[in-house]
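Here's the structure, in structure tokens; my notes come after.
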Amino acid sequence: MERKPRPGEVPGQLSDNLRANALDAGLVNMKRPTRTPNSLKALQSIVHAREVGRSAELRDALYVAYWEDGQDIGQLSVIREVAEASGIEWPPLEEALGDSRHMETVLREYQEGRDLGFDGIPAFVIGDLKFTGAQPMEVFRKVAERAEAKLKADPQSFAGGRRVL
């Protein structure tokens with residue numbers, strides 16, 4: 001699906017705020033893609049990668065493929081290339097995608113995010129704070145420091161932290 005630039009963006013470029021966040025996160029070549037892919041198979045691939053202990057590698061590589069290389073991460077050929085480069089064997093992943101083995105997990109996690117009030121990805125819950133989207137690394141540092149302080153002060157009140165979607 002073709003996407004319209006957001007306020008402050010030029011087609012194919014990031015707004016100043018998002019560009020600053022990208023640079024802070026180490027994404028030096030981040031560009032705003034012109035199309036929004038159907039990411040269901042990419043999300044299912046991440047669930048599969050979680051089962052084989054490679055989810056962080058695949059997730060990060062898919063971000064680079066989409067945000068820096070402008071690839072359509074909804075295409076099986078792109079998923080295959082990125083997965084294999086991330087150390088994931090293609091035949092088992094292809095089979096899992098073919099029978100939609102992980103779709104229920106993706107939909108459950110999506111609904112969990114919606115139930116928590118999220119309407120975008122990535123979405124994060126760290127301690128008692130929830131937020132979505134590209135954020136400066138300083139936001140993550142401050143949120144982590146706050147959660148750590150709360151944990152030290154009252155271990156029973158800490159809700160934990162994890163990436164929701």
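None of the figures in this text is laboratory data; all of them are computed from the coordinates on show. Here the structure is a predicted model, which means the values were calculated and not measured. In this analysis, Cβ positions are derived from the backbone assuming ideal geometry, glycine residues included, and neighbour counts consider all displayed protein chains.
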Report task. Calculate the spin-label point distance for Ala144 paired with Leu76, positioning each point 7 Å from the Cα along the beta-carbon direction, and give it in nanometres. Result -> 3.8
Query raised in the report: Residue by residue, what Karplus-based ³J(HN,Hα) values in Hz, rounded to whole numbers, does the range 113-120 have, using 6.51, -1.76 and 1.60 with θ = phi - 60° and x for Gly and Pro?
Result: x, 4, 4, 7, x, 7, 10, x
Report task. Sequence neighbours fewer than 8 away in the same chain don't count; with that in mind, list the aspartates and glutamates whose C-alpha is under 19 Å from Lys142. Result -> Asp24, Asp128, Asp154
Query raised in the report: Computed FRET efficiency, Cβ-Cβ of Arg101 and Ala56, R0 25 Å: what is it to the nearest 0.05?
Result: 0.75
Query - the range 67-75 - phi-based ³J(HN,Hα) in whole Hz, Karplus 6.51/-1.76/1.60, Gly and Pro as x - result: 7, 9, 9, x, 7, 8, 6, x, 8
Requested in this report: Binning at 5 Å from 0, report for the range 49-128 what percent of all alpha-carbon pair distances ends up in each bin.
Outcome: 3, 13, 20, 24, 21, 13, 5, 1, 0
Report summary line: Surrounding charge for Gly87, neighbours by C-beta under 11 angstrom, Lys/Arg +1, Asp/Glu -1, total -2
